[in-house]
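Written below as structure tokens is the structure these notes are about.
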Amino acid sequence: MPCVRLLLTGFMGAGKTTVGERLAARLGCPFVDLDREVEEAAGQGVAEIFAAHGEARFRELERRALEAALAAPEVVVATGGGTLTLPDNLELVAGRGGLVVWLHVPFPVIVARLGGVDRPDRPLFRSETEAFALYHRRLEAYRRADLRVDVDAAATPEEVVGRILLQLPRRQPCAT
């Protein structure tokens, strides 16, 4: 693989941002967090965007951020939990040579990481029952990832980065 465009996917609380930052540093690539990019573009937090404009507007801003991130020849992207469940986004990623890595975290570990339900910063995690249903609906999309990395409660971010690196195809630096 001459260049790398890695996209981390998985449910909220999977560790995409934390792992993505460390992975990008190890690979010497830029790091992009789509939620941060959306917040910066909108001048509002994710929860405020959902409340004021709805999920459709959030997804529109997220798509723009994804397109911008994929313009880089090498990048590690922490996607939102629903980003790659949308067929148009998957097509965009495939067309740009993106490699999708699923951070597979069991639902009970996610609940523990997020500290319970009804967090104001997590608009789709209002009740554990609804979040569990969403988790299961998204599993089909997550399973389409190019690579799967199982993450248990004891795994450190550095261990997860190591697991990803072990699965990556050999790569050569991109010409600048």
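Along region 31-40 the Karplus relation, 6.51 cos²θ - 1.76 cosθ + 1.60 evaluated at θ = phi - 60°, assigns HN-Hα couplings of 10, 10, 9, 4, 4, 5, 5, 5, 4, 5 Hz to successive residues, with x for each Gly and Pro. Taking one quarter of the surface of the C-alpha convex hull of region 1-90 gives a mean projected area of 5.8 nm². The H on the amide N of L7, modeled in the peptide plane, is under 5 Å from the matching H of V77, L99, V100, V101, each at least 5 residues off or on a different chain. Compute the Kirkwood hydrodynamic radius of region 5-167, taking the inverse of the mean of 1/r over all pairs of distinct Cα atoms, and give it in Å to one decimal. Computed over Cα pairs of region 5-167, the Kirkwood hydrodynamic radius comes out at 15.9 Å. Amide hydrogen proximity for R148: with H placed 1.01 Å from N in the peptide plane, the residues at 5 or more positions away or on another chain lying under 5 Å are W102.
What is the fewest-to-most order of D35, D88 by other Cβ atoms lying within 10 Å of their Cβ?
On the way: D35 23, D88 10.
Ranking D35, D88 by Cβ neighbours within 10 Å, fewest first, gives D88, D35.
Exposed loop trypsin sites (Lys or Arg not before Pro) only (DSSP loop, at most 10 other Cβ atoms within 10 Å): please give the longest stretch of the chain free of them, not including the sites.
With a cap of 10 other Cβ atoms within 10 Å, the longest stretch comes to 1-142.
The relative contact order of the chain comes to 35 percent, based on Cα pairs under 8 Å that sit 6 or more residues apart.
Values quoted throughout were computed directly from the atomic coordinates according to the rules given, and no laboratory measurement underlies them. If you're wondering where the values come from, they're calculated on a predicted model, not measured in any experiment. In this analysis, Cβ positions are derived from the backbone assuming ideal geometry, glycine residues included, and neighbour counts consider all displayed protein chains.
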